[in-house]
Amino acid sequence: MEAKDRLARRSIFASCILTLGIVLGGCVAYYVAGEVERGRPQLIFGDPKVALANFQRAAQMDPNFRYNFSILSEGVWSYVGRAHYHAGNLPEARKALESDLSRYGDDYLARLYLGMVLARNGSREQGLREIGSALKSLNDWLDYIEQYHPEGIYWDPGKELRAEIQSQLAMIKGKEFQLPELISRTEILGKKFEEEIDLVRRYKRESDDGDSPDGSVP
């Protein structure tokens, strides 16, 4: 009887530990997501140094966090790296972006920014290969979700992102371009992809209210 009591107590203790772990894990995920959400507007429109502080706090709490408010895959180290990039900290940006890609090879925005870091730091050819690879992957991803994912109708409905991607790929293929121009356009494209996440949210809300993504009423 005593042995059964000990076994029951151990089972209850183990259950309590498991429940506590789940609760704490949920709390951590909540705060990490909050830090990323607070940093994103600063990364797109504001001060990248402010964004960096948010993203670094998120990475410290969960270095394997992936942004889950969108079907576009983005790890927390991708955000850290992009904030470093826009703050002018290229060595730190490279380290963070490579850390992200070592975890998630399908983080195409991280690869896009890594290419820009390499190209600006003297590794032009390697950087252009990374940029070209990321651009093609982003284009293919948009085409894929348009065909096969329920949210595909909300992403790049006017195909402006894909038109810009194709223009940049043509620049790289032609090899007659100024690197600063390509970098500038690629930086803008990177931010537009981040803006697209919020546009998709708006489109989905409008669709739930009876409007179509292009603003017309079905």
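The values are calculated or read from the model by the stated rules, or taken from the named source; none is laboratory data. None of these values were measured; they are calculated from a predicted model. With ideal geometry, Cβ positions are generated from the backbone for all residues, glycine too; neighbour counts draw on all protein chains shown.
Being among the aliphatic types (A, V, I, L, M) and either free of Cβ contacts under 8 Å to residues at least 40 places away in the same chain or not in a helix (DSSP H, G or I) (or both) is the filter here, so list the residues in segment 108-118 that pass it.
Ala110, Leu114, Val117, Leu118
Being surrounded by 20 or more Cβ atoms within 10 Å (Cβ to Cβ), within 17 Å of the chain's Cα centre (by Cα) and closer than 17 Å to Glu98 by Cβ is the filter here, so list the residues in segment 118-171 that pass it.
Selection gives Glu130, Ile131, Ala134.
Suppose we keep only residues that are among the β-branched types (Val, Ile, Thr) and more than 14 Å from Ala119 (Cβ to Cβ) within segment 135-194. Which one would you say is modelled with the lowest pLDDT?
In the first step, residues of segment 135-194 are kept if they are among the β-branched types (Val, Ile, Thr); the result is 145, 153, 165, 172, 183, 186, 188.
Imposing the further condition that a residue be more than 14 Å from Ala119 (Cβ to Cβ) reduces the set to 145, 153, 165, 188.
Details: Ile145: 97, Ile153: 94, Ile165: 98, Ile188: 97.
Once the filter is applied, the top-ranked residue is Ile153.
For Lys192, state whether it is within 18 Å of Ser73 (Cα to Cα), in contact (Cβ under 8 Å) with a residue 24 or more places away in the chain, among the charged types (D, E, K, R) and assigned to a helix (DSSP H, G or I).
yes
Determine whether Arg66 is among the charged types (D, E, K, R) and modelled with pLDDT of 95 or more. Give the derivation first.
Values: among the charged types (D, E, K, R): yes; modelled with pLDDT of 95 or more: no.
For Arg66, the condition - among the charged types (D, E, K, R) and modelled with pLDDT of 95 or more - is not met.
Of the residues in segment 86-107, how many are buried (at least 24 other Cβ atoms within 10 Å of the Cβ) and assigned to a helix (DSSP H, G or I)?
Within segment 86-107, the subset buried (at least 24 other Cβ atoms within 10 Å of the Cβ) is 93, 96-97, 100, 107.
Within this subset, residues satisfying the condition of being assigned to a helix (DSSP H, G or I) are 93, 96-97, 100.
Number satisfying all stated conditions: 4.
Evaluate segment 50-67: report whether one residue or more is aliphatic (A, V, I, L, M), touching a Ser or Thr at 6+ places or on another chain (Cβ under 7 Å) and assigned to a helix (DSSP H, G or I). Don't jump to the end; show me each part of the working.
Of segment 50-67, the ones aliphatic (A, V, I, L, M) are 50-53, 58-59, 61.
If we keep only those that are touching a Ser or Thr at 6+ places or on another chain (Cβ under 7 Å) as well, we get none.
No, segment 50-67 has no match at all.
With the checklist (1) over 28 Å from Gly158 (Cβ atoms); (2) in contact (Cβ under 8 Å) with a residue 60 or more places away in the chain; (3) buried (at least 24 other Cβ atoms within 10 Å of the Cβ) in hand, flag the one item Trp77 doesn't pass.
Failing condition for Trp77: (2).
Among Leu161, Leu169, Leu182, Leu135, which is closer than 23 Å to Phe69 by Cβ, among the aliphatic types (A, V, I, L, M) and in a helix (DSSP H, G or I)?
Values: Leu169 fails: closer than 23 Å to Phe69 by Cβ; Leu182 fails: closer than 23 Å to Phe69 by Cβ; Leu135 fails: closer than 23 Å to Phe69 by Cβ.
Checking each option against the conditions leaves just Leu161.
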